[in-house]
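**Q** Got a structure for you, written out below as structure tokens; questions coming shortly.
The values are calculated or read from the model by the stated rules, or taken from the named source; none is laboratory data. Model, not experiment: these values are computed from the prediction. Every residue, glycine among them, receives a Cβ derived from its backbone with ideal geometry; neighbour counts consider all protein chains shown. When the accessible area is computed, the model is the full protein with side chains, heavy atoms only, and any ligands, DNA or RNA have been set aside. Shrake-Rupley method; radii C 1.70, N 1.55, O 1.52, S 1.80 Å.
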Amino acid sequence: MVENHDMHTSHYGETTRAKNFSYTNLFVSFVCLHAFAIIVSAQPLSPTATELRSKFSHRVEDIASRVDGVVGYAALDLTSGDRFGLLEKDPFPTASTIKLAIVYELFKQVKEGKVRLDETMVLDRSKAVDGSGVLSQLGTPTLSIRDYATLMVILSDNTATNVLIDRLGMDAITRRMQSLGLGGTKLRRHMMDTAAARRGDENVSSPGEIVRLLQIINQDQPDAIALLKKSKESHLRKGLPADVETADKPGDLEGVRVDAGVVFAKNRPYILCVMTTFLKNEADGERAIEDISRAAYEYFSRLGAGGSLGRQSGK
């Protein structure tokens, strides 16, 4: 936000004009420098790096084509802005990956002073649902909002998720996604609400919108990234070396497998989202996510270590 300061017009003279001229020059210089930085960062890949990019693109397409089902994906190079995608604008069921939208809304409301992470809530047993997690097996524990969020991310706890949806507001989460330009990312039901799902009120997004949401979280919410980095079972992570950090959220439903995260590859971080649906064999979807994750890491890590020409001196 730019602050406006009143000028005392009675003292407006050559000194003020000189200052304004100086500020104008400074602003123009800043804009030119910023534009130059954008041009530099958007320089095209070298011919050899372009060939590597082409091979990576074909490799991922081949992995997707072998799945008896539908695979969509999107990847974003956070260094260059380069993008890859297949069906990246098309809606898919999100399964538990929709919880990324809940994480974003939680930390926005914390910043706005509407919610405190140390605020405690007694578990309302009417919100307890089956599926993943542990809260459905407990009594009426008193937990902080931070604890509910941690269970939602690490164990994909559906009961914790429903508690947070009601505390934050389902409509508020939807409006927030719309305000970000992510109108295709829709939280339309609580976890395990099969009646709503049968009515067609499925939680949905697209690979491209999930990547954009993670990009915003990575830019604006370091505490959310720290939460998403916590250890969890993840097919995306299975495709990565053990020492590579990622902030991700997987999701599983019948015939659906999804995973999406920010991968902090050395010198070349990137965001990857893989969404699969209509799976004949769910294990094929899990394997595709792992294989695409591995292919993406092998591509981006070589760019990070090899500069524009490929010598792997940065490993």
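**Q** Note down the magnitude of the dipole of the stretch 198-308 about its Cα centre, charges +1 on Lys and Arg C-beta and -1 on Asp and Glu C-beta and zero elsewhere, to the nearest 20 debye.
**A** Charge dipole of the stretch 198-308: 220 debye, to the nearest 20.
**Q** Find which of THR142, MET121, LEU87 sits farthest along the positive direction of the dipole of the chain, computed with +1 on the beta-carbon of Lys and Arg, -1 on that of Asp and Glu, about the Cα centre.
**A** Farthest towards the positive end: LEU87.
**Q** Can you give the charge dipole size of the chain about its Cα centre, rounded to the nearest 20 debye, using +1 on the beta carbon of Lys and Arg and -1 on the beta carbon of Asp and Glu?
**A** Roughly 440 debye for the chain.
**Q** With unit charges on the beta carbon (Lys/Arg positive, Asp/Glu negative), name the residue among SER293, GLY307, GLN221 whose Cα is farthest towards the positive pole of the charge dipole of the stretch 158-315.
**A** Towards the positive end, the residue furthest out is GLY307.
**Q** To the nearest 20 Debye, how big is the dipole of the stretch 40-154 about its Cα centre, given +1 on the beta carbon of each Lys and Arg and -1 on that of each Asp and Glu?
**A** Charge dipole, the stretch 40-154, about its Cα centre: 200 debye, nearest 20.
**Q** Which of these values of Cα extents along the principal axes in Å was calculated from the structure shown: [x] 75, 54, 35; [y] 61, 47, 43; [z] 61, 38, 34?
**A** Given [x] 75, 54, 35; [y] 61, 47, 43; [z] 61, 38, 34, the structure-derived one carries the label [x].
**Q** To continue, here is another question. Using +1 at the Cβ of each Lys and Arg and -1 at the Cβ of each Asp and Glu in the chain, identify which of CYS273, ILE102, LEU52 lies farthest towards the dipole's positive end.
**A** LEU52
**Q** Kindly flag which residue pairs out of LYS55/LYS238; LYS186/LYS232; LYS108/LYS249; LYS232/LYS266; LYS127/LYS232; LYS55/LYS99 have an alpha-carbon separation exceeding 28 Å in this structure.
**A** Table pairs above 28 Å Cα-Cα are LYS55/LYS99.
**Q** Tabulate in residue order the Karplus-calculated ³J(HN,Hα) for the stretch 200-210, using 6.51 cos²θ - 1.76 cosθ + 1.60 with θ = phi - 60°, rounded to whole Hz; enter x for Gly and Pro.
**A** With coefficients 6.51, -1.76 and 1.60, one gets x, 8, 7, 7, 9, 6, 10, x, x, 6, 5 Hz.
**Q** May I ask for the net charge around PRO269, where only other residues with Cβ less than 11 Å from the Cβ of PRO269 are counted and Lys, Arg are +1 while Asp, Glu are -1?
**A** Charge balance near PRO269 sits at 0.
**Q** Compute the accessible area per residue over the chain, keeping the other protein chains in place, probe 1.4 Å, unit Å².
**A** Per residue, the chain has an accessible area of 53 Å².
**Q** Another one. What does the net charge come to around LEU76 if you take all other residues with beta carbon closer than 13 Å to its beta carbon, with K and R at +1 and D and E at -1?
**A** -1
**Q** Provide the net charge surrounding ARG189, with neighbours chosen by a C-beta distance below 9 Å and charges set as Lys +1, Arg +1, Asp -1, Glu -1.
**A** Around ARG189, the charge tally is -1.
**Q** A further question on this structure: Applying a 10 Å radius around every beta-carbon, put 284-297, 223-236 in order of their mean neighbour count, most first.
**A** Packing proxy ranking, top to bottom: 284-297, 223-236.
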